[in-house]
Each structure stands twice: as C-alpha cells, then as structure tokens.
1. Just checking, how many residues over region A:68-78 are under 14 Å from residue A:34 (Cβ atoms) and within 12 Å of DNA strand C (Cβ to nearest atom)?
2. So, residue B:65, is that one more than 7 Å from chain A (Cβ to nearest Cβ) and modelled with pLDDT of 95 or more or not?
3. If you check every pair at least six apart or on different chains, which have Cβ atoms under 6 Å apart with a residue in region A:17-30 that is at the interface with chain B (Cβ under 9 Å from one of its Cβ atoms) first and a residue that is in a helix (DSSP H, G or I) and surrounded by fewer than 20 Cβ atoms within 10 Å (Cβ to Cβ) second?
4. Of the conditions (1) of a type outside the set (A, V, I, L, M, F, W, C); (2) within 12 Å of chain A (Cβ to nearest Cβ); (3) more than 30 Å from residue A:66 (Cα to Cα), residue B:89 fails just one. Which one is it?
5. What pairs can you find where one residue is in region B:35-55 and within 7 Å of DNA strand C (Cβ to nearest atom), the other is in a helix (DSSP H, G or I) and of a type in the set (Lys, Arg), and their Cβ atoms are less than 9 Å apart, with a gap of 6+ or different chains?
6. Which one is nearest to residue B:18 (Cα to Cα), of the residues in region A:68-86 that are more than 11 Å from chain B (Cβ to nearest Cβ) and in contact with a Pro (Cβ under 7 Å, 6 or more places away or on another chain)?
7. For region A:41-52: of the residues being outside any loop (DSSP other than H, G, I, E, B), open to solvent by 30 Å² or more (accessible area, probe 1.4 Å) and within 11 Å of DNA strand D (Cβ to nearest atom), which is farthest from the other protein chains (Cβ to nearest Cβ)?
8. Name every residue in region B:29-40 that is surrounded by 14 or more Cβ atoms within 10 Å (Cβ to Cβ) and either within 11 Å of DNA strand D (Cβ to nearest atom) or farther than 10 Å from residue B:75 by Cα (or both), in order of residue number.
2 protein chains.
Amino acid sequence: MAAMARAATTSDAFNAIAEPQRRDILALLRAGERPVTDLAQELGMSQPRASKHLRVLREVGLVRVREAGKQRLYGLDARGLRPIHEWVGGFERFWNESFDRLDTYVQDLKQTRQEE
Amino acid sequence: MAAMARAATTSDAFNAIAEPQRRDILALLRAGERPVTDLAQELGMSQPRASKHLRVLREVGLVRVREAGKQRLYGLDARGLRPIHEWVGGFERFWNESFDRLDTYVQDLKQTRQEE
DNA sequence: TTGATGCATTCCGATATAGGCATATGATGG
DNA sequence: CCATCATATGCCTATATCGGAATGCATCAA
C-alpha cells in the first residue's frame with residue numbers, strides 16, 4: 001500500500017485546537033455567540049479564513065451554528081474539550097514532579113561526564 | 001508574498017500532542033524512562049517512526065533523552081503540558097453549561113422547523 | 001578489528017492543510 | 001426581480017508532515 005500521510009486534522013478536537021487562530025476563536029466565543037465577520041474582524045483575519053477555521057471547529061463539534069436571518073451565529077460547545085482536559089490532566093503529577101526529575105537527570109549527566 | 005502554509009507543528013506542545021501516537025508515547029513514559037526500540041515495539045510501530053515522533057516531542061520539550069551506553073533513554077518532561085491544561089481549563093465552566101445551551105439550541109431547531 | 005545492536009537521518013511519495021482570491025449561495029430590503 | 005450584505009466554497013500554491021525503506025553512526029561484545 002502507498003505511504004500514508006498525516007492523519008486528518010479536521011477530525012478531532014486535539015488537532016482543531018492545535019491551530020492558534022482556532023484557539024483564539026474559541027476564546028472569543030466564551031463571551032457569547034458571534035457572526036463570522038465579527039470574529040474575522042476582531043481577530044484580524046479575512047472572512048474566508050475565519051469561515052474555514054469555523055468549519056473545522058464545527059466539524060469536530062467545538063462550535064455550533066445558529067441561523068439568525070442573514071447571519072450565522074457561531075457559539076461555543078466546549079464539551080469536546082473535556083476529554084482533552086482529562087487526558088492532559090493525567091500528567092499533572094508529573095509536571096509537579098518534574099523539578100526533582102530534572103534534578104536527578106542533571107545529576108546523571110554529571111555522573112556520566114565524570115565517568116568518561 | 002507567497003501563500004503561507006500551516007504553522008510548523010513541530011514547534012509547540014499543542015501540535016505535538018495532536019498526533020495520537022505521540023500521545024501514546026507520552027502516556028507510556030509515565031511509567032518511566034524507556035529506550036526507543038522498547039517504545040516502538042510496545043506501540044507496534046517501526047523504530048524510525050518512533051524515533052521521529054520522539055524527536056518532535058524532544059523539540060517541544062515534552063521528553064528528554066539520557067545516554068545510557070548503547071541506548072538512549074527517553075523520559076517524560078510534562079511541564080510543557082501544564083499551559084495546555086490551563087488553556088483548556090479555561091473552558092471548564094462552559095462544558096458544564098453545555099447541556100443547557102444545547103437544550104436551548106435544540107429548542108431553536110424545533111422552532112425553526114415548525115416555522116417552515 | 002569485526003560484527004551486531006540501537007538509533008537517528010535522509011530520501012521519497014502521498015496527502016493534508018493554511019491562505020489568498022474570486023466566486024457561488026442565501027437571505028433581506030426595496 | 002434586483003442589489004446588497006453575510007457567508008461558504010472552490011481553486012491554486014507553498015508547505016509541512018507522516019510513513020516506509022535504506023543507510024549512516026556510535027557503542028558494545030568477542
């Protein structure tokens with residue numbers, strides 16, 4: 001079979017939030033629903049660009065759209081962030097431990113160096 | 001200027017953990033340091049593949065390497081996950097709120113449908 | 001020194017974006 | 001029906017990966 005490329009990023013929340021501008025959009029949406037143009041302007045990006053990012057966010061379920069006449073109001077649906085929070089949270093004790101670990105690591109380095 | 005492509009994924013933790021296999025590697029490393037081959041075998045991936053993922057993780061600072069004779073032991077350095085945890089945590093109250101929001105959303109949908 | 005072992009790299013192919021720009025769509029107001 | 005506003009898409013380019021396979025490099029054992 002042919003070589004495979006990177007997994008589709010548009011298919012999961014982890015990938016969706018890997019893009020800084022999409023994180024910005026999500027952050028803005030905490031303040032409430034907003035139309036595309038609004039978001040685009042506030043974030044200094046073109047409208048098509050905003051629409052595309054919103055599409056990705058919609059596809060992974062992090063935002064939802066509501067038709068409001070001529071506009072489409074995008075709103076936050078943060079439920080998809082929860083699994084991420086939990087996954088990352090699984091490392092909490094390790095980043096607290098890290099200093100010690102780093103210390104022993106440095107120790108090992110010195111050790112190794114002296115043995116040479 | 002020419003069109004720009006996606007931001008380099010190898011340059012930040014958000015992107016590093018967007019790749020499932022890299023998440024798997026990090027999860028495994030919670031149990032302690034491990035040589036490349038070990039990780040590769042346990043995760044059922046080729047050695048070069050493991051090395052490449054480890055390189056990305058190293059570049060964003062999520063793992064560190066220690067030379068141990070013929071082997072290179074990779075260890076977790078979870079400190080880089082903390083900012084992510086905090087960013088995502090900033091949405092916590094929203095995913096708790098979500099049910100209500102979703103309800104009103106569904107209401108709106110019904111409403112809209114009936115009006116057609 | 002000669003292998004063998006453990007990894008990192010390089011080269012190549014297929015593909016997935018991100019962005020820009022132009023354009024198609026849809027709904028609204030006259 | 002027509003012009004306009006608000007968005008979504010399509011097309012095209014430059015890149016960035018991810019993967020595999022082969023290869024380069026140390027280091028270790030005999």
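The values are calculated or read from the model by the stated rules, or taken from the named source; none is laboratory data. Being a predicted model, the structure only gives us computed values, none of them experimental. All Cβ positions, glycine included, derive from the backbone under ideal geometry; neighbour counts span all protein chains shown. What goes into the accessible areas is simple: the full protein's heavy atoms, side chains included, and nothing from ligands, DNA or RNA. Shrake-Rupley method; radii C 1.70, N 1.55, O 1.52, S 1.80 Å.
1. Adding up the residues that qualify gives 3.
2. yes
3. A:17/A:23
4. (3)
5. These pairs meet every condition: B:54/B:22.
6. For region A:68-86, the residue satisfying everything is A:72.
7. Start the filter on region A:41-52 by keeping residues that are outside any loop (DSSP other than H, G, I, E, B), which leaves A:41-42, A:47-52.
Narrowing the set further to residues that are open to solvent by 30 Å² or more (accessible area, probe 1.4 Å) leaves A:41-42, A:47-49, A:51-52.
If we keep only those that are within 11 Å of DNA strand D (Cβ to nearest atom) too, we end up with A:41, A:47-49, A:51-52.
Working: A:41: 20, A:47: 17, A:48: 13, A:49: 11, A:51: 17, A:52: 12 Å.
Within region A:41-52, the match that is farthest from the other protein chains (Cβ to nearest Cβ) is A:41.
8. Matches in region B:29-40: B:36, B:38, B:39, B:40.
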